[in-house]
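The values are calculated or read from the model by the stated rules, or taken from the named source; none is laboratory data. All figures in this text were calculated on a predicted structure; none of them were measured in a lab. Backbone-built Cβ (ideal geometry, glycine too); neighbour counts: all protein chains shown.
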Amino acid sequence: MPATPGVLVMRIAVTGRSAHASMRSRMRAQAGVDEYAADPVAASAIDAAVLIHDGLRRLEAEWVESRTDPLFEKGQFTIGLNVVDGAAHGSRNVAFIPDSTTLEYAIFYPPATDVYEIRSEIARTVLDIVRQDPWLRVNPPRIDWPMHYPGGRTDRDHPLCRTVRAAREQAALGTPYAGPGDVLPFPSATDLTWFTAVGIPAVGLGPGAQVMAHAVDERCAIDEMVDAAKAYAVAAIEWCGAA
């Protein structure tokens, strides 16, 4: 695995105005009317958050064409909403219109793209939505970026990549995993990033099926782990030379 995407975590905090749930009809009647924007009977933070998320989903769809990398499959770079938390302050109860909602996203972007370009594009998308909504114009959401893992890349033709690929093929001889190893990017963050950032070539190699990562009953076949250990030994000997 000679490349990883950039990984960015984004948190969007949206505020609303709580009221009894029966006030939703009056809230809807006032929605979109500027004279009520500063002082509505209620404003659902969840409704406002959904508006923002819909805009980010449209941007994510555009990324299929606008955010690409030759090593990655088209559509690999995404803006995924993975955590949602919303309710009335102090009462998680359907009897109240929610006044607080937080959206947390995992964002994957091309390794060669500057993170500030990604952040700016997303912030502009949110701002465009805010400008179109009377409540959000007066009460804009807060965007935080609590975590960032830059992307990394080593050329697939680099001697290290060729050495590791050959080591994996040698280690798998006579096993169900025999044959040339694929040279593919890893779709999430790895420590490859920190080596390539300072000019040290790095690639990833390991056992296991990607679909099992963070899954229920996560596991890895013992034979795969044994083959991986052999590949690490062969790669170290070939790259560094036998002592």
Condition first: touching a Pro at 6+ places or on another chain (Cβ under 7 Å) and not aliphatic (A, V, I, L, M). Now tell me which residues in region 70-129 satisfy that. PHE72, GLN76, PHE77, GLY86, PHE108, TYR109, PRO110, PRO111
Tell me yes or no: at least one residue of region 31-42 is surrounded by fewer than 17 Cβ atoms within 10 Å (Cβ to Cβ), more than 19 Å from PRO141 (Cβ to Cβ) and at pLDDT 95 or above. no
Selection count where residues are at pLDDT below 95 and over 18 Å from the mean Cα position of the chain (by Cα), scope region 1-15: 2
Qualifying positions in region 126-169 - under 21 Å from THR113 (Cβ atoms) and surrounded by 18 or more Cβ atoms within 10 Å (Cβ to Cβ): VAL126, TYR149, PRO150, GLY151, GLY152, ARG153, THR154
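Can you name every residue in region 118-142 that is charged (D, E, K, R) and free of Cβ contacts under 8 Å to residues at least 12 places away in the same chain? Steps first, please.
Residues of region 118-142 charged (D, E, K, R): 119, 121, 124, 128, 131, 133, 137, 142.
Matches in region 118-142: ARG124, ARG131.
What are the residues in region 209-227 that are in a helix (DSSP H, G or I) and either at pLDDT below 90 or exposed (fewer than 12 other Cβ atoms within 10 Å of the Cβ) (or both), if any? Quick ask: steps written out before the conclusion?
Start the filter on region 209-227 by keeping residues that are in a helix (DSSP H, G or I), which leaves 210-212, 222-227.
Correct list: GLN210, VAL211, MET212, ILE222, ASP223, GLU224.
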Just to be sure I understand the filter: pairs with C-beta atoms under 7 Å, separated by 6 or more residues or on different chains, first member in region 192-208 and over 20 Å from ALA229 (Cα atoms), second member surrounded by 16 or more Cβ atoms within 10 Å (Cβ to Cβ) and among the aliphatic types (A, V, I, L, M). Which pairs pass? PHE195/ALA202; THR196/ALA202; PRO201/LEU160
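Considering every residue within region 76-88, establish whether at least one is touching a residue at least 40 places away in the same chain (Cβ under 8 Å), under 19 Å from LEU8 (Cα atoms) and in a loop (DSSP other than H, G, I, E, B). So that I can check it myself, show each step before the final result.
Filtering region 76-88 down to residues touching a residue at least 40 places away in the same chain (Cβ under 8 Å) leaves 76-77, 79, 86, 88.
Remaining after also requiring under 19 Å from LEU8 (Cα atoms): 76-77, 79.
Next cut, in a loop (DSSP other than H, G, I, E, B) only: 76-77.
Within region 76-88, one or more residues are touching a residue at least 40 places away in the same chain (Cβ under 8 Å), under 19 Å from LEU8 (Cα atoms) and in a loop (DSSP other than H, G, I, E, B).
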Please determine whether any residue of region 142-150 is among the basic types (Lys, Arg) and either within 30 Å of ARG28 (Cβ to Cβ) or in contact with a Lys or Arg (Cβ under 9 Å, 6 or more places away or on another chain) (or both). yes
Out of ARG137, ARG142, sole residue that is modelled with pLDDT of 95 or more, among the charged types (D, E, K, R) and closer than 18 Å to THR101 by Cα: ARG142
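I'm checking my understanding of the structure. Among residues of region 189-205 that are part of a loop (DSSP other than H, G, I, E, B) and surrounded by 14 or more Cβ atoms within 10 Å (Cβ to Cβ), which one is farthest from the chain's Cα centre (by Cα)? If you could, list the steps in order and put the result at the bottom.
Filtering region 189-205 down to residues part of a loop (DSSP other than H, G, I, E, B) leaves 189-191, 197-205.
Next, from what is left, pick out any that are surrounded by 14 or more Cβ atoms within 10 Å (Cβ to Cβ): 189-190, 201-205.
On the way: ALA189: 9, THR190: 13, PRO201: 24, ALA202: 22, VAL203: 21, GLY204: 19, LEU205: 22 Å.
Checking each candidate, the answer is PRO201.
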What's the total number of residues in region 1-16 that are assigned to a strand (DSSP E or B), in contact with a Ser or Thr (Cβ under 9 Å, 6 or more places away or on another chain) and among the hydrophobic types (A, V, I, L, M, F, W, C)? 5
Identify all residues within region 52-67 that are over 15 Å from the mean Cα position of the chain (by Cα) and surrounded by fewer than 19 Cβ atoms within 10 Å (Cβ to Cβ); write none if there are none. ASP54, GLY55, ARG58, GLU62, GLU65, SER66
